[in-house]
Amino acid sequence: MVRVVRYGERDAILTLLTETGLVTALARGGARPTGRLSAASRLCAQGTYVLYQGRGMGDVRQAEIARQRRALHEDVVKAAYAAYLCDLASRALPERPDAPPAAYRQFVAVLDGLEADRVPADVLARAFELKVCAWLGVAPEWRACMRCGAPLGETEGAPWYDPQEGGLVCSPCALRSGLADDTTRRAAGWPVPRKASAILHLLARADIAKLQRVDLSGSTRDAMSRILAHQLREFAGVGGRARQVLEEIVASLADPPANDQGDLDT
Ligand SMILES: [Zn+2]
């Protein structure tokens with residue numbers, strides 16, 4: 001269940017992510033804490049929903065919830081990430097039956113990962129954002145310069161992100177085109193740790209269910225976060241507001257600066 005909107009005093013309109021895409025249905029009594037459908041009307045609940053589809057919006061007749069995902073409600077940071085990921089899925093994925101084949105499984109995997117604490121929440125979110133970029137057709141080739149095609153692992157200097165074209169550019173191309181020069185009128189790009197290009201490529205192809213310990217520096221994580229927030233907002237029109245809310249919550253709860261060293265390969 002990826003979105004719930006209260007409807008009147010008692011009812012709730014649920015957006016469910018199924019294996020074939022989104023479907024919206026009315027849960028009668030879903031807004032009442034003790035109602036029969038109250039567990040089914042909580043964000044991230046996973047299970048079997050039986051819908052009666054008359055004319056117009058379907059009705060949830062029964063629901064058998066297999067996973068309540070309590071951990072995602074009890075921890076503030078996890079709850080913030082879960083809310084963001086549900087919002088992203090509810091906006092970025094199509095209605096039934098048009099969802100990309102992997103969407104449901106990758107979404108379940110990202111919630112599982114968030115519950116299990118195996119991989120940091122921000123890395124999981126970036127992995128899912130990369131899938132969304134690919135499904136919406138706004139994912140560049142993260143490992144090569146989008147101008148000259150040079151492999152970014154081998155070019156001289158750190159790559160740059162081009163916020164107008166939405167992709168990474170090698171350092172020589174960035175200098176040549178004025179991307180690296182903030183005195184030009186052109187919207188300036190920003191430099192990106194070389195490692196970020198490799199990790200974006202890796203995460204974009206990874207099965208989220210199989211992600212293991214990912215040990216990345218703060219600067220690499222910040223760069224990936226900034227790039228993907230921009231990429232989704234500007235080129236796919238999703239995530240802007242919810243992503244901003246997530247960043248604000250995470251920043252307000254942040255511990256003192258974490259260990260910022262030791263990029264390890266995944
Ligand atoms: Zn280039």
- Positions within region 30-89 being more than 30 Å from residue 251 (Cα to Cα) and among the charged types (D, E, K, R), in sequence order: 32, 36, 55, 59, 61, 64
- Query: residue 205: among the charged types (D, E, K, R), within 13 Å of residue 132 (Cα to Cα) and in the same structural domain as residue 153 (by TED's automatic domain parsing), yes or no?
  - Reply: yes
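Suppose we filter 40, 79 for residues that are part of a helix (DSSP H, G or I), at pLDDT 95 or above and either under 25 Å from residue 129 (Cβ atoms) or in the same structural domain as residue 208 (by TED's automatic domain parsing) (or both); which single one remains? Spell out how you get there, then give the answer.
On the way: 40 fails: either under 25 Å from residue 129 (Cβ atoms) or in the same structural domain as residue 208 (by TED's automatic domain parsing) (or both).
The unique qualifying residue is 79.
In the list 144, 158, 116, 174, which residue meets the criterion of being more than 16 Å from the ligand (Cβ to nearest atom) and assigned by TED's automatic domain parsing to the domain that holds residue 84?
On the way: 144 fails: more than 16 Å from the ligand (Cβ to nearest atom); 158 fails: more than 16 Å from the ligand (Cβ to nearest atom); 174 fails: more than 16 Å from the ligand (Cβ to nearest atom).
Testing whether each residue is more than 16 Å from the ligand (Cβ to nearest atom) and assigned by TED's automatic domain parsing to the domain that holds residue 84 leaves just 116.
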- Query: Is it the case that residue 19 is within 21 Å of residue 111 (Cα to Cα) and touching a residue at least 60 places away in the same chain (Cβ under 8 Å)?
  - Reply: yes
- Task: Look through region 123-152, keep the residues that are surrounded by fewer than 19 Cβ atoms within 10 Å (Cβ to Cβ) and charged (D, E, K, R), and return whichever of them is nearest to residue 194 (Cα to Cα).
- Result: 143
- Query: Right, residue 98: acidic (Asp, Glu), in a loop (DSSP other than H, G, I, E, B), modelled with pLDDT of 95 or more and assigned by TED's automatic domain parsing to the domain that holds residue 253 or not?
  - Reply: yes
- Message: Here is a list: 75, 98, 87. Which entry is within 20 Å of the chain's Cα centre (by Cα), surrounded by fewer than 17 Cβ atoms within 10 Å (Cβ to Cβ), of a type in the set (Asp, Glu) and within 28 Å of residue 225 (Cβ to Cβ)?
- Response: 75
- Determine whether residue 180 is surrounded by 19 or more Cβ atoms within 10 Å (Cβ to Cβ), touching a Pro at 6+ places or on another chain (Cβ under 8 Å) and over 26 Å from residue 117 (Cα atoms). yes
- Task: Could you please let me know if residue 209 is under 23 Å from the mean Cα position of the chain (by Cα), touching a residue at least 40 places away in the same chain (Cβ under 8 Å) and exposed (fewer than 14 other Cβ atoms within 10 Å of the Cβ)?
- Result: yes
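The values are calculated or read from the model by the stated rules, or taken from the named source; none is laboratory data. Since the model is a prediction, treat every value here as computed from it, not as a measurement. Here Cβ is always computed from backbone atoms with ideal geometry, including for glycine, and neighbour counts include all displayed protein chains.
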